[in-house]
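Novice: Have a look at the structure that comes next, please.
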Amino acid sequence: MNKLIALLGALSSLFGLNAAALAGEYPTDKAVVMVVPFAAGGPTDKVARELGVVMTKHLKQIIVVDNTVGAGGTIGARKVVQAPKDGYTILLHHIGMSTSPALYRNLGFDPMNDYEFIGEVADVPMLLLSTKSLTAKDFKELLPYIKANHDKLSLANAGIGSASHLCGLLFMSTIQADFTTVPYKGTAPALTDLMGGQVQLMCDQTTNVAGQVRSKAIKAYGATSLSRLTAFKDIPTLDEQGLKGFEVKIWHAMYAPKGTPKPVVDKLVAALQASVQDASFRAKMAELGAEVATPQRATPDSARALVQSEINKWTPIIKKAGVYAD
Ligand code: ASP
């Protein structure tokens with residue numbers, strides 16, 4: 001066995017792989033880094049941290065979150081492609097994985113070919129939000145107000161390709177009004193400014209804003225789902241308030257760099273499978289308005305199919321909108 005490990009060690013230095021991982025001993029005594037491509041305290045970060053706690057239990061190794069932020073999540077996503085392929089660096093990302101190829105001219109990675117897919121994690125709905133001082137009682141009052149004042153209002157987002165950016169684009173084109181958009185490194189810092197009134201409008205996942213909406217620190221004018229959210233039954237959808245068919249669904253999935261050995265990927269998949277069935281994780285996510293993936297969806301095949309179908313769906317929409325970044 002020792003000779004085998006030594007041989008694998010020699011091979012590993014040749015191919016940049018981890019000997020223990022190849023020998024099926026993953027994870028050893030090294031922490032697993034889960035890269036989150038948005039700011040700490042925000043919605044993607046919250047899903048990652050809750051998942052990290054429960055997955056640590058099932059993987060039997062500590063998972064630590066690394067927030068590598070900027071450029072709508074593409075910097076963190078690229079970091080994982082370039083990381084050692086040993087299972088000690090994984091990525092927790094959202095819909096941006098499927099929208100960034102159409103938005104960035106120099107993305108520097110290919111979502112379909114540069115990752116091992118681990119599985120889907122959760123779906124998180126969005127809300128259209130405003131700073132508290134906007135006087136409109138409901139969306140019916142908000143709409144004429146923001147149309148008349150669009151040149152004085154700004155719309156926060158988490159950078160090109162972020163969920164808040166996509167939702168904002170769709171909102172502006174649906175109501176045919178333009179706002180100044182203000183990019184942040186995630187919607188955690190954007191939320192601080194929304195509460196402070198420095199920006200007036202934002203779309204965000206419920207996982208970031210559930211507490212502030214319930215305590216009325218900000219206003220929620222509508223959900224971006226086609227039916228009302230279980231956790232926010234009192235908030236009407238934008239669809240039912242006149243924006244027919246308005247829908248933005250945010251999903252999260254997990255990845256490892258392409259070339260991560262299959263036994264390692266299998267262990268990550270098994271830990272994710274156990275985590276999505278974990279009652280404490282499901283309860284925490286439900287409280288934040290999120291729906292945890294079924295075990296059938298927390299699989300590499302399901303995540304791969306989702307990323308591809310979302311690329312197919314969003315690419316023509318983005319091209320038509322003529323939005324891009326370098
Ligand atoms: N909610 C952000 C987005 O708009 C991401 C984040 O901060 O987690 O994509």
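The values are calculated or read from the model by the stated rules, or taken from the named source; none is laboratory data. Quick caveat: nothing in here was measured; it's all calculated off a predicted structure. No Cβ is skipped: glycine too gets one built from the backbone with ideal geometry, and neighbour counts run over all protein chains shown. Surface areas here come from the heavy atoms of the whole protein model, side chains and all, with no ligands, DNA or RNA. Shrake-Rupley method; radii C 1.70, N 1.55, O 1.52, S 1.80 Å.
Novice: Among rounded, prolate and oblate, which fits the range 218-322 when a ≥ b ≥ c are the square roots of the eigenvalues of its C-alpha gyration tensor, a/c under 1.5 means rounded, and a/b larger than b/c means prolate?
Specialist: On the way: a/c = 3.22, a/b = 1.39, b/c = 2.31.
Note, shape of the range 218-322 comes out oblate.
Novice: Hey, another quick one. Residue 305 label point, 7 Å along Cα→Cβ, cut-off 18 Å on backbone N: hits in the range 105-128?
Specialist: Counting only backbone N, you get 112, 117-123.
Novice: Please report how far the C-alpha centroid of the range 62-116 lies from that of the range 219-247, rounded to the nearest whole angstrom.
Specialist: Here the answer is 30 Å between Cα centres.
Novice: Hand me the tally of lysine pairs in the range 108-201: alpha carbons under 20 angstrom apart, and the pair either on different chains or 8 or more positions apart. Mind dumping the intermediate values first?
Specialist: Working: 132/140; 132/147; 132/152; 137/147; 137/152; 140/152.
Lysine pairs satisfying the spacing and distance rule in the range 108-201 number 6.
Novice: Go ahead and estimate [θ] at 222 nm for the chain from helices alone: -39,500 (n - 2.57) per DSSP H run with n ≥ 4, summed, over the residue count, rounded to 500.
Specialist: Details: 12 runs with 139 residues, N = 326.
One gets -13000 deg cm²/dmol as the mean residue ellipticity at 222 nm.
Novice: In nm, what is the difference between 0.36 nm times the number of residues separating residue 149 and residue 198 and their Cα-Cα distance?
Specialist: Details: separation 49, 0.36 × 49 = 17.64 nm, distance 1.55 nm.
Contour length minus Cα-Cα distance gives 16.1 nm.
Novice: What does the charge count near residue 102 come to, summing +1 for each Lys or Arg and -1 for each Asp or Glu among other residues with Cβ under 12 Å from its Cβ? It would help to have the intermediate numbers written out before the result.
Specialist: On the way: positive: 105, 313, 319, 320; negative: 310.
Summing Lys and Arg as +1 and Asp and Glu as -1 gives +3.
Novice: Cα gyration tensor of the range 40-135, axes a ≥ b ≥ c as square roots of the eigenvalues: rounded (a/c below 1.5), prolate (a/b > b/c) or oblate? Intermediate results must be reported in sequence, preceding the final value.
Specialist: Numbers: a/c = 2.14, a/b = 1.21, b/c = 1.77.
Cα axes put the range 40-135 in the oblate bin.
Novice: Skip the ligands, DNA and RNA, and give the accessible area per residue of the range 255-321 with a 1.4 Å probe, whole Å². Don't skip to the end; give the middle numbers.
Specialist: Working: 3180 Å² over 67 residues.
So the range 255-321 comes to 47 Å² accessible per residue, rounded to a whole number.
Novice: Let me ask something else about it. So which of 60/258; 262/320; 85/319; 79/262; 233/267 end up more than 27 Å apart, counting from Cα to Cα?
Specialist: As for pairs spanning more than 27 Å Cα to Cα, those are 262/320; 85/319; 233/267.
Novice: If you stretched the chain out fully between residue 313 and residue 30, how much longer would it get, using 0.36 nm times the residue separation minus the C-alpha to C-alpha distance?
Specialist: Values: separation 283, 0.36 × 283 = 101.88 nm, distance 3.90 nm.
Value of the extension gain: 98.0 nm.
Novice: If you stretched the chain out fully between residue 244 and residue 283, how much longer would it get, using 0.36 nm times the residue separation minus the C-alpha to C-alpha distance?
Specialist: Working: separation 39, 0.36 × 39 = 14.04 nm, distance 3.14 nm.
Using 0.36 nm per residue and subtracting the Cα-Cα distance, I get 10.9 nm.
Novice: Further question on the same structure: Which aspartates and glutamates have a Cα lying under 20 Å from the Cα of residue 313, excluding residues fewer than 8 positions away in the same chain?
Specialist: Filter leaves 110, 120, 123, 239, 247, 301.
Novice: Is the range 149-205 best put as rounded, prolate or oblate by its Cα gyration tensor, with a ≥ b ≥ c the root eigenvalues, rounded for a/c under 1.5, and otherwise prolate when a/b is larger than b/c, oblate when not? Don't skip to the end; give the middle numbers.
Specialist: Values: a/c = 2.10, a/b = 1.20, b/c = 1.76.
Oblate.
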